[in-house]
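To start, the structure itself, in structure tokens.
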Amino acid sequence: MRQARPYSGMFCGGVSVRTGPHALPLARIKKIMKRSAGETADGGARMISGEAPVVFSKACELFIAELTRRAWAATLDGKRRTVHKEDVATAVHNTDLFDFLVDVVMAVHHAAGGDDGDDAAALE
Amino acid sequence: MRRAVPDNGKIAKDAKESVQECVSEFISFVTSEASDKCMKEKRKTISGEDLIWSLGTLGFEEYVEALKHYLKLYREVSIKPPSVFSQSCLLLHSKVC
């Protein structure tokens, strides 16, 4: 069977199926973008070009790779071989670039009933 | 995630969920910045370049060159003749079915 060419998946970006074994679903990316894109000055919905979710798909791959690598470093520091959400939180806290994720990892931690009395005090 | 971890490593379900939340926030974060840019420039549509610019502004400079190249290739592929377009869609269709 002939192998799909690297960018063949892009042609069907409008279809809500995964475009490859490692590609992120474009429809989901577009949904999140629409939620965050806000409105134009005349009150209309902000439009999103067809290429924008494709660019984001690649950007998210790079982002996931970097976050995971840093989380893995935290896993190794703890002399373990399985990455847990605490390692992801550690990676976020140790990286200035990921400051915007601090609340997200805290929310995940709280939802799981984590013990972070010190953090709660620091926020107040 | 799997590619970023060596073969002897594992990824717990809670870590995957956490990263998924982070990715959603990443998309929102960058999209807001790109949207603000469009508003200032009085444009309605967020383009790939707006996203790349926003990533650079928000500290993700390392991603910029790779994404510029990726966008360039995507645009080149997008303007290929219809026969190539159909072939690629057929390939994807057979893969999905």
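The values are calculated or read from the model by the stated rules, or taken from the named source; none is laboratory data. Because the structure is a prediction, the values reported are computed rather than measured. Neighbour counts run over all protein chains shown; Cβ positions are idealised from the backbone, glycine included. Protein only, heavy atoms only, side chains kept; ligands, DNA and RNA dropped before computing areas. Shrake-Rupley method; radii C 1.70, N 1.55, O 1.52, S 1.80 Å.
Tabulated results
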{"read-out": "Hey, A:THR68 hydroxyl-bearing (Ser, Thr, Tyr) and within 8 Å of chain B (Cβ to nearest Cβ) or not", "value": "yes"}
{"read-out": "Test: A:ALA45 is closer than 30 Å to B:LYS44 by Cβ and open to solvent by 10 Å² or more (accessible area, probe 1.4 Å)", "value": "yes"}
{"read-out": "Extreme residue, surrounded by the most Cβ atoms within 10 Å (Cβ to Cβ), among residues of segment B:44-59 that are under 16 Å from A:PHE100 (Cβ atoms) and free of Cβ contacts under 8 Å to residues at least 12 places away in the same chain", "value": "B:GLY56"}
{"read-out": "Selection within segment B:29-75 - among the β-branched types (Val, Ile, Thr), more than 7 Å from chain A (Cβ to nearest Cβ) and either outside any helix (DSSP H, G or I) or within 12 Å of the chain's Cα centre (by Cα) (or both)", "value": "B:VAL30, B:VAL64"}
{"read-out": "Qualifying residue in segment B:11-28 (condition: open to solvent by less than 80 Å² (accessible area, probe 1.4 Å), more than 7 Å from chain A (Cβ to nearest Cβ) and at pLDDT 90 or above)", "value": "no"}
{"read-out": "Evaluation of A:SER8 against (1) open to solvent by less than 70 Å² (accessible area, probe 1.4 Å); (2) facing another protein chain (nearest Cβ under 9 Å); (3) modelled with pLDDT of 65 or more (one fails), failing number", "value": "(3)"}
